[in-house]
Every structure is written in structure tokens, then in C-alpha cells.
Amino acid sequence: MVYHKGKKKNNRQVEGDEVIRVPLPKEGQLFGVIEQALGAGWMDVRCSDGKVRRCRIPGKLKRRMWMRVGDVVIVQPWPVQSDQRGDIVYRYTKTQVDWLLRKGKISQEFLTGGELLF
């Protein structure tokens, strides 16, 4: 029996001359910060448009990684109840959040909920 290694998925995008290795929200998606864990794969997420949505974690993400309060995520609002519900489609690591802050994609105020830490 012959096993073949799968080709690694390339997450790189090109913006101008710079190569971006961090996935950014596509059209219709938003940045969000997890505010509260509700259980059974549901979270309250404060989105970049100022709304708090009740978001679920799809099974493939739920089995692959843990989500905690304060994590930065990408939210896909539902077509129906788009102001109240959504799906979490990606969770950023600490180094990816630092890169987003350095490049100005998100602000420190967004991460802290409106008040600055310093």
C-alpha cells in the first residue's frame, strides 16, 4: 500500500508587494473578539461593526482547536438574522494578532472592548 502526503494548503495572499500569510476576512465576513462562552459550541462575539452576535463553532473547528474568551476570530454572519447570529470560521493565534495590530488591520481599542489598557 502506498501512502501519499497531501499537498500543504497555501494560505498566502499578495497585497501590493507584500506577501500576507495571515488569512483576512473575505467579503461579508468580520473580525470579532469572543466575549463569553455559552457552552455547546456557542459563543457571544463582539464584531468589528459594533454588534454582539451569538456565534456557533462548526464541528470541524470545534474538534481541531479550543476557543477561549478574548480570542480574535473571523465571523461569517448568517444570511437570516445577520445582526444576531453567525459562524466562527477562523481563530487567530497570538503571533497573528500581533501582526494584525502592527499592520493596522485591527486596533488595540477593538481588542479591549473600547477602553485602552495604557
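So that you can scan it fast, the table gives a plain yes or no per residue for (1) open to solvent by 90 Å² or more (accessible area, probe 1.4 Å); (2) part of a loop (DSSP other than H, G, I, E, B); (3) at pLDDT 95 or above; (4) in contact with a helix residue (DSSP H, G or I) (Cβ under 6 Å, 6 or more places away or on another chain):
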{"position": "Asp44", "(1), (2), (3), (4)": "no, no, yes, no"}
{"position": "Gly50", "(1), (2), (3), (4)": "no, yes, no, no"}
{"position": "Arg63", "(1), (2), (3), (4)": "yes, no, no, no"}
{"position": "Asp83", "(1), (2), (3), (4)": "no, yes, no, no"}
* Asked: Out of the residues in the range 68-78 that are in a strand (DSSP E or B) and in contact with a Leu (Cβ under 9 Å, 6 or more places away or on another chain), which is most open to solvent (accessible area, probe 1.4 Å)?
  -> Gln76
* Out of the residues in the range 19-30 that are assigned to a strand (DSSP E or B) and more than 17 Å from Pro58 (Cα to Cα), which is least open to solvent (accessible area, probe 1.4 Å)? -> Ile20
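Results for (1) farther than 14 Å from Glu35 by Cβ; (2) outside any loop (DSSP other than H, G, I, E, B); (3) touching a Ser or Thr at 6+ places or on another chain (Cβ under 6 Å); (4) of a type in the set (D, E, K, R), shown as yes or no for each residue.
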| residue | (1), (2), (3), (4) |
| --- | --- |
| Cys55 | no, yes, no, no |
| Lys60 | yes, yes, no, yes |
| Trp66 | yes, no, no, no |
| Val80 | yes, no, no, no |
| Gly86 | no, yes, no, no |
| Thr95 | yes, yes, no, no |
| Asp98 | yes, yes, no, yes |
| Arg102 | yes, yes, no, yes |
| Phe110 | no, yes, no, no |
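Keeping to the range 54-68, report how many residues are within 24 Å of Val80 (Cβ to Cβ) and not small (Gly, Ala, Ser).
Of the residues in the range 54-68, 9 are within 24 Å of Val80 (Cβ to Cβ) and not small (Gly, Ala, Ser).
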* Asked: modelled with pLDDT of 85 or more, out of contact with any helix residue (DSSP H, G or I) (no Cβ under 6 Å at 6 or more places or on another chain), of a type in the set (Asp, Glu) and not in a helix (DSSP H, G or I): does that describe Glu35?
  -> yes
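Report whether or not Leu111 is open to solvent by 50 Å² or more (accessible area, probe 1.4 Å) and either under 13 Å from the mean Cα position of the chain (by Cα) or of a type in the set (A, V, I, L, M) (or both). Show your work before the answer.
Numbers: open to solvent by 50 Å² or more (accessible area, probe 1.4 Å): no; either under 13 Å from the mean Cα position of the chain (by Cα) or of a type in the set (A, V, I, L, M) (or both): yes.
Here the answer is no, as Leu111 does not meet what is asked.
The values are calculated or read from the model by the stated rules, or taken from the named source; none is laboratory data. This one's a predicted model, so the numbers in the text were calculated from it and none came from an experiment. Note: ideal-geometry Cβ built from the backbone for every residue, glycine included; neighbour counts use all protein chains shown. The area values use the complete protein model at the heavy-atom level, side chains included, leaving out ligands, DNA and RNA. Shrake-Rupley method; radii C 1.70, N 1.55, O 1.52, S 1.80 Å.
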